[in-house]
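Here's the structure, in structure tokens; my notes come after.
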Amino acid sequence: MASEAQKALFFNTAKQMTQSVKGLLFLALALFPWMLLLLLQLLIWRGVPVGLGGATLYGNLVVAYYIGFLVPLSSLFFGVALIADEAEGGTLPYLFGRPVPRYKIFLSKFAGMEAVLLAGAFISMAGSFVLSQMEAGGLGLASGFGAFLMDLLAVGFGMVVYGALFSLLGLAFKRPLFVGFLIGFGWENLVAWLPGFLKRLTILFHLHTLMPEPTEPKGLLNLLASTESKAAAIIFLAVYGAAFLAAGCAIIRKIEAAHLEREG
């Protein structure tokens with residue numbers, strides 16, 4: 001019974017996400033790199049000299065757009081609303097009345113959310129990778145595939161760990177968006193660049209570590225060189241993600257439905 005209820009929660013969460021306004025916005029943001037790369041190809045085919053293309057443009061897209069923007073933003077908006085939307089819609093008492101422990105409700109909905117976010121991000125990145133190689137006739141697809149897999153790993157970890165963090169904030173705070181913005185686009189982007197141990201308290205620093213080292217150009221991408229191993233980054237991210245989920249499970253077991261209601 002509980003297993004069937006968990007599956008229903010998983011698929012219902014995924015369905016609600018894909019049919020919501022936020023889901024359409026996420027789709028538009030996921031498709032934006034394709035539009036940019038197709039425009040670039042159109043300029044190239046018309047003989048317009050383009051200085052940034054191929055692997056260089058793709059690398060910048062992964063660093064600045066996927067890791068720096070799409071992953072934290074989508075995780076923030078969907079994560080803080082994971083349980084809060086149920087409270088605002090008046091369905092939280094019904095949800096808590098299911099014959100399923102509350103922590104399993106939280107984890108099932110979290111898994112449904114992540115399934116949609118990961119699928120959207122991975123499909124977007126795969127399309128961007130292929131389109132970025134069109135300039136060279138696809139010659140870089142095989143040679144760059146290993147780096148592409150590492151990019152997928154970094155984005156995957158980012159979606160899960162940021163999602164766990166912002167889902168926790170959605171349970172812990174009455175108005176979590178502001179707190180989430182401060183952490184996701186304030187703390188993360190400032191502290192991740194500081195020397196010393198403090199930057200290891202950010203998610204972004206460890207995501208940068210997982211990304212493959214760029215060969216060219218120097219400049220922005222070269223600034224992301226880190227001082228820890230990829231194994232250490234994976235351990236840090238796994239511990240952070242598990243801790244955020246464990247804290248969320250602990251909170252949802254104790255709170256009352258009224259605690260999550262949003263002030264009008």
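Listed here are the pairs 104/174; 104/254; 174/254; 22/104; 7/174; 7/254; which of them are more than 19 Å apart at the Cα? Working shown, then result.
Values: 104/174 22 Å; 104/254 14 Å; 174/254 15 Å; 22/104 24 Å; 7/174 28 Å; 7/254 23 Å.
Too far apart for the 19 Å limit: 104/174; 22/104; 7/174; 7/254.
Need the full-extension length gain, residue 115 to residue 254, defined as separation in residues times 0.36 nm minus the C-alpha distance. One decimal, nm.
Working: separation 139, 0.36 × 139 = 50.04 nm, distance 2.66 nm.
Stretched out fully, the residue 115 to residue 254 stretch lengthens by 47.4 nm.
Take peptides 155-164, 66-75 and line them up by average Cβ neighbours within 10 Å, highest first, as a rough protection proxy. Provide the component values of the computation, followed by the final result.
Working: 155-164: 24.3, 66-75: 22.7.
Going from most to least packed, we get 155-164, 66-75.
For residue 199, list the lysines whose Cα falls under 22 Å from its own Cα; do not include residues on the same chain fewer than 8 positions away.
Partners found: 230.
So, R0 is 30 Å and r is the distance between the beta-carbons of residue 15 and residue 123; what FRET efficiency does that work out to, to 0.05?
Details: r = 18 Å, r/R0 = 0.59.
Computed FRET efficiency for residue 15 and residue 123: 0.95.
Any chance you could run the full-extension gain for residue 243 through residue 43? It's 0.36 nm times the residue separation minus the Cα-Cα distance, nm to one decimal. Intermediate values should be presented prior to the final figure.
On the way: separation 200, 0.36 × 200 = 72.00 nm, distance 4.74 nm.
Length gained, residue 243 through residue 43: 67.3 nm.
Mind putting a number on the dipole of region 104-200 about its Cα centre? Charges go on the C-beta only, +1 for Lys and Arg and -1 for Asp and Glu, and I need it in Debye to the nearest 20.
On the way: 6 positive and 4 negative charges, 110 e Å.
The dipole magnitude comes to about 520 debye.
Please give the length that would be gained between residue 8 and residue 198 if that part of the chain were fully extended, namely 0.36 nm times their separation in residues minus their C-alpha to C-alpha distance (nm, one decimal).
On the way: separation 190, 0.36 × 190 = 68.40 nm, distance 4.11 nm.
In short, 64.3 nm is gained.
Between residue 182 and residue 36, with labels modelled 7 Å along Cα→Cβ, what's the label distance in nm to one decimal, could you check?
Going from the residue 182 label point to the residue 36 one covers 3.0 nm.
Compute the relative contact order of region 124-210 as a whole-number percentage, counting only Cα pairs closer than 8 Å that sit 6 or more residues apart in sequence. Before the final figure, lay out the partial values.
Details: 46 pairs, mean separation 22.1, N = 87.
With pairs under 8 Å counted, the relative contact order is 25 percent.
Each reported figure results from applying straightforward, stated rules to the coordinates on display, with no laboratory input. Bear in mind that the values here come from a model prediction, so they are computed numbers and not experimental data. Note that we place each Cβ from the backbone using ideal geometry, even for glycine, and neighbour counts take in every protein chain shown.
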